[in-house]
1. Given the options Val306, Val325, name the one that is among the aliphatic types (A, V, I, L, M), touching a helix residue (DSSP H, G or I) at 6+ places or on another chain (Cβ under 9 Å), closer than 20 Å to Gly243 by Cβ and open to solvent by 10 Å² or more (accessible area, probe 1.4 Å).
2. Out of Val319, Val290, I need the residue that is outside the structural domain of Tyr90 (by the TED database), assigned to a helix (DSSP H, G or I) and either acidic (Asp, Glu) or farther than 27 Å from Val218 by Cα (or both). Which one?
3. If the requirement is being within 30 Å of Phe28 (Cβ to Cβ) and surrounded by fewer than 16 Cβ atoms within 10 Å (Cβ to Cβ), which of these qualifies: Lys226, Lys216?
4. Among the residues of the range 35-70 satisfying the criterion of being of a type in the set (S, T, N, Q) and under 17 Å from Met173 (Cα atoms), which is least open to solvent (accessible area, probe 1.4 Å)?
5. Just for the range 8-34: of the residues that are among the aromatic types (Phe, Trp, Tyr) and open to solvent by 60 Å² or more (accessible area, probe 1.4 Å), which one is nearest to Cys186 (Cα to Cα)?
6. Can you tell me which residue in the range 19-47 is farthest from Val83 (Cα to Cα), limited to those that are in contact with a Cys (Cβ under 9 Å, 6 or more places away or on another chain) and in contact (Cβ under 8 Å) with a residue 40 or more places away in the chain?
7. Starting from residues that are closer than 19 Å to Leu272 by Cβ and in contact with a Ser or Thr (Cβ under 8 Å, 6 or more places away or on another chain), keep the ones in the range 309-322 and report whichever is most open to solvent (accessible area, probe 1.4 Å).
Amino acid sequence: QLDPFYASIILFVGRAWDAITDPMVGFFISKTSWTRFGRLMPWIIFSTPFAVISYFLIWFVPDISRGQVMWYLVFYCIFQTLVTCFHVPYSALTMFISREQSERDSATAYRMTVEVLGTVLGTAIQGQIVGKVITPCIESPFFIGRSNSSVAMEELNMTHDTGSLTDTRNAYMIAAGVIGGLYILCTVILSVGVREKRESSELQSDKPVSFFQGLKLVMNHGAYIKLIAGFLFTSLAFMLLEGNFALFCTYTLGFRNEFQNILLAIMLSATLTIPLWQWFLTRFGKKTAVYVGISSAIPFLIMVAVLDSNLIVTYIVAVAAGISVAAAFLLPWSMLPDVIDDFKLQHPDSHGHEAIFFSFYVFFTKFTSGVSLGISTLSLDFAGYQTRGCSQPSEVHVTLKMLVSAVPVGLILLGLLLFKLYPIDEEKRRKNKKALQDLR
């Protein structure tokens, strides 16, 4: 029951806070001393219980008339910080378990497969628990003209069933508790099953580097900037598709009761095809895999917007989109260790910056999520979107088609153009591997 304006403020402030915490956490990790558990694992273990508590409190509705905005703002920022303390070292573990490029690529493929599977599991848990609380759509005559949208909302608030609201709150709390339990379980498995190898990532050097010197070195590395730029636009494309596909299925295609199954088809398709892309990049190279994998979504995205509503076509598009999502998930993360190896050869006296590289990657993942949310919310608001309406005005249908088809296609093309500038091909990778072995 929070005003949408304040909800947007909370989300955007949280993303801005991420811009500060991600590189800072990366730097602090790079300066952390080695323990018997490793350098990265203590960050993961000690942040987990606090992250779970803060996540639970995000879904809690405090019994206070004023101060709710500050409550959610504070706990959202705390949660984002603690997730950073988990995700940055977790991602950087790839560099600390092996020196071999092939083993890192294999580890990345396993990691991304299970991350997508985790997304499917999380979506299913949240959807099943919260979905049992029925919140019927609202028949409203005020779909034309934005000036009447506030009247419709007042009507909604006056007729809203208090019992249903309480059930909804309880459902979100239960879902938060279940997902928090999974968070703890996965952390236990990770901490027991993975061991860092101190010499896997760094060359021998005792020359210390300050935060800003390390940041400057990392951000001046051309291959890294080009990879991040391509990753930024392709990620934004798929996040726009993911974020608006449910609304597109519900209102534009008319599949109100099918969108959860369609989303599940996308994620299962992505999970099953990550091993395929791992084989493909091993056989044909990572740059080729990027072009083939990510561009393969384009004809299907155009098809779903151009053709009339058809459930079979929609499922075909969902499976095809999942195949491209798998490539978009796997390939940028698989290419990052190659960039770090390239950086080490150019700066052999500077080591321990792996966490900074990964922290900016994590930040851009969150940043694209925030940008996607902002673009979607503002576009639908301008189009006159009616919250929980049984139907929407024609402007909303056009906007949704743009958000799941035209805009993602444009962003994918721009991202692929930037990937074209990425300098590390298979020949360069082999040369870097040989040079690093000689240097060690």
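The values are calculated or read from the model by the stated rules, or taken from the named source; none is laboratory data. No experiment lies behind these values; they were computed from the predicted model shown. Cβ atoms come from the backbone with ideal geometry, glycine included; neighbour counts cover every protein chain shown. SASA here: full protein model, heavy atoms, side chains in, ligands and nucleic acids out. Shrake-Rupley method; radii C 1.70, N 1.55, O 1.52, S 1.80 Å.
1. Val325
2. Details: Val290 fails: either acidic (Asp, Glu) or farther than 27 Å from Val218 by Cα (or both).
Exactly one residue qualifies, and that residue is Val319.
3. Lys216
4. Among those that are of a type in the set (S, T, N, Q) and under 17 Å from Met173 (Cα atoms), it is Ser54.
5. Phe28
6. Ile29
7. The residue in question is Val319.
For every residue, the table says whether it meets (1) more than 14 Å from Ile29 (Cα to Cα); (2) out of contact with any Cys (no Cβ under 6 Å at 6 or more places or on another chain); (3) among the hydroxyl-bearing types (Ser, Thr, Tyr); (4) modelled with pLDDT under 90.
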| position | (1), (2), (3), (4) |
| --- | --- |
| Pro49 | yes, yes, no, no |
| Val52 | yes, yes, no, no |
| Pro62 | yes, yes, no, yes |
| Leu82 | no, yes, no, no |
| Phe86 | no, yes, no, no |
